[in-house]
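The values are calculated or read from the model by the stated rules, or taken from the named source; none is laboratory data. From a predicted model like this one, the values you see are computed outputs, not experimental measurements. Virtual Cβ from ideal backbone geometry, glycine too; neighbours counted across all protein chains shown.
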Amino acid sequence: MADFDPVTKAVVPAAGLGTRFLPATKATPKEMLPIVDKPAIQYVVEEAVSAGLLDVLMVTGRSKRSIEDHFDVAYELEDALRAKGDAERLSQVQLPVDLATMHYVRQGEPKGLGHAVLCAKQHVGHEPFACLLGDDIIDARDPLLKRMIEVRATYGGSVIALMEVPREQVSLYGAAAIVPTGEDDVVRITDLVEKPPANEAPSNWAIIGRYVIDPAVFEVLENTPPGRGGEIQLTDALRTLASRSPDEGGPVHGVLFRGRRYDTGNKLDYLRTVVQFAANRPDLAPEFIPWLREFLDQAGS
Ligand code: UTP
């Protein structure tokens, strides 16, 4: 097996405008919206940490303060909880602070996901890195990122995560043209298209918000013109890398993910996510599920 550089850093882009969630996202990043009682972005950082990545760079934009504050010490709050002897809540408040070494960079103008990733260039340097979208949650029981890091260790280059979606939904995602490898859950990527019309999609395998990226992406992004929606698309840069040889930063592989993923970036999926998380919580489910059943019975009658 070739000896590829290990992945140690995570980049979390959280600088998008979140227009699908206005007005909630006017002064709050959508990544800070709570899934029950924890902001979506904390689940994402916890996922990076459980894949062994303790250096996390957030790419932030407007209203970044709430994100920084969430991962920082809150002296007044902690003192108040200590004075009350509320050890349980105190530990909840302290947990995000000790998770990882957090770094921040500002995107300035939200010129697209590719541009957000380019903002990480100086921090990341010449190492491969993981990129986790701050509004996409992968169930902690389905360790996708760990698998992607293993795949990078085997094949080098970059690794994307793919999930099969119904054909009529492909146009909401990037879609991949794939060829099999010797491994069941790993494919080689031959082409990528951002948000294709259903009849032009190369497959039903959609790109979801987890990536392991070769540092060659930075040079490609610097030369990637704005694509769909006038934004610099990460998908376009990965498409370029997919056609390159290993000594130029290629190839790109895909991990076929068949686990549980929750989207929190639009209203309907957000509601689904909150209900599923609440129904899985031992402290809430015993009251929440019977209430939900009764509510639905009444709504249906
Ligand atoms: P989205 O396209 O889902 O985010 O980007 P958005 O642009 O905020 O969403 P809408 O369509 O306006 O509602 C996926 C991820 O990339 C980040 C977002 O914060 C999100 O986590 N992103 C996107 C950036 O960091 N910068 C950008 O310029 C665009």
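Quick grid of which residues meet (1) away from the ligand (no atom under 14 Å from the Cβ); (2) in contact (Cβ under 8 Å) with a residue 40 or more places away in the chain:
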| site | (1), (2) |
| --- | --- |
| Pro6 | yes, yes |
| Lys9 | yes, yes |
| Val12 | no, yes |
| Glu31 | no, yes |
| Ile35 | yes, yes |
| Ser63 | no, no |
| Leu90 | yes, no |
| Asp98 | yes, no |
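Residues that are among the polar types (S, T, N, Q) and more than 23 Å from Ala116 (Cβ to Cβ): does region 249-267 have at least one? Reasoning before the result, please.
First, pick out the residues of region 249-267 that are among the polar types (S, T, N, Q): 264, 266.
Restricting the remaining residues to those that are more than 23 Å from Ala116 (Cβ to Cβ) gives none.
No; the residues of region 249-267 include none that is among the polar types (S, T, N, Q) and more than 23 Å from Ala116 (Cβ to Cβ).
Mind checking which residues of region 200-217 are surrounded by fewer than 20 Cβ atoms within 10 Å (Cβ to Cβ) and in contact with a Lys or Arg (Cβ under 9 Å, 6 or more places away or on another chain)?
Asn204, Pro215
For region 227-246, check the following and say yes or no: at least one residue is out of contact with any Pro (no Cβ under 6 Å at 6 or more places or on another chain), surrounded by fewer than 14 Cβ atoms within 10 Å (Cβ to Cβ) and more than 25 Å from Trp205 (Cα to Cα).
No, region 227-246 has no match at all.
Go through region 142-167 and give me each residue that's among the aliphatic types (A, V, I, L, M) and more than 16 Å from the ligand (Cβ to nearest atom). Full working, then the answer.
We begin by selecting, within region 142-167, every residue among the aliphatic types (A, V, I, L, M); these are 144-145, 148-149, 151, 153, 159-163, 165.
Within region 142-167, Leu144, Met148, Ile149, Val151, Ala153, Val159, Leu162 meet the criteria.
List pairs: first residue in region 207-219 and farther than 10 Å from Gly249 by Cα, second residue within 16 Å of the ligand (Cβ to nearest atom) and assigned to a loop (DSSP other than H, G, I, E, B) anywhere in the structure, Cβ distance under 8 angstrom, at least six positions apart or on different chains.
Taking only residues 6 or more apart or on different chains, the pairs are Ile207/Tyr173; Ile208/Tyr173; Gly209/Leu133; Gly209/Asp135; Arg210/Leu133.
Name the residue, out of Gly114, Gly52, that is modelled with pLDDT of 95 or more and more than 16 Å from the ligand (Cβ to nearest atom).
On the way: Gly114 fails: more than 16 Å from the ligand (Cβ to nearest atom).
Gly52 is the lone residue from the list that is modelled with pLDDT of 95 or more and more than 16 Å from the ligand (Cβ to nearest atom).
Please return the ranges of strands (runs of 3 or more DSSP E) entirely within region 45-164 where 1 or more residues are surrounded by fewer than 19 Cβ atoms within 10 Å (Cβ to Cβ). Talk me through it step by step, then tell me what you get.
Details: elements: 55-60, 101-106, 129-132, 136-138, 158-164.
Qualifying strands (runs of 3 or more DSSP E): 55-60, 101-106, 158-164.
What number of residues within region 165-177 are in a loop (DSSP other than H, G, I, E, B) and either over 20 Å from Tyr262 (Cβ atoms) or not β-branched (Val, Ile, Thr) (or both)?
Looking only at that region, the number is 2.
Sort through Lys26, Lys84 and tell me the only one that's of a type in the set (Lys, Arg) and within 16 Å of the ligand (Cβ to nearest atom).
Numbers: Lys84 fails: within 16 Å of the ligand (Cβ to nearest atom).
On inspection, the qualifying residue turns out to be Lys26.
Name the single residue, out of those in region 1-28 being small (Gly, Ala, Ser) and farther than 21 Å from Arg141 by Cα, that is farthest from the chain's Cα centre (by Cα). Write out each step before concluding.
Taking region 1-28 first, the residues small (Gly, Ala, Ser) are 2, 10, 14-16, 18, 24, 27.
Of the ones still in play, those that are also farther than 21 Å from Arg141 by Cα are 2, 14-16, 18, 24, 27.
Details: Ala2: 28, Ala14: 9, Ala15: 12, Gly16: 13, Gly18: 14, Ala24: 20, Ala27: 21 Å.
Applying the filter and picking the extreme gives Ala2.
Which one of Glu31, Glu46 is under 16 Å from the mean Cα position of the chain (by Cα) and farther than 19 Å from Ala116 by Cβ?
Details: Glu31 fails: farther than 19 Å from Ala116 by Cβ.
Unique residue meeting the criteria: Glu46.
Identify, by number, the condition in (1) closer than 24 Å to Ser63 by Cβ; (2) among the acidic types (Asp, Glu); (3) more than 10 Å from the ligand (Cβ to nearest atom) that Asp139 doesn't meet.
(1)
For Leu132, only one of the following conditions fails: (1) under 21 Å from the mean Cα position of the chain (by Cα); (2) at pLDDT 95 or above; (3) farther than 17 Å from Ala51 by Cα. What is its number?
(3)
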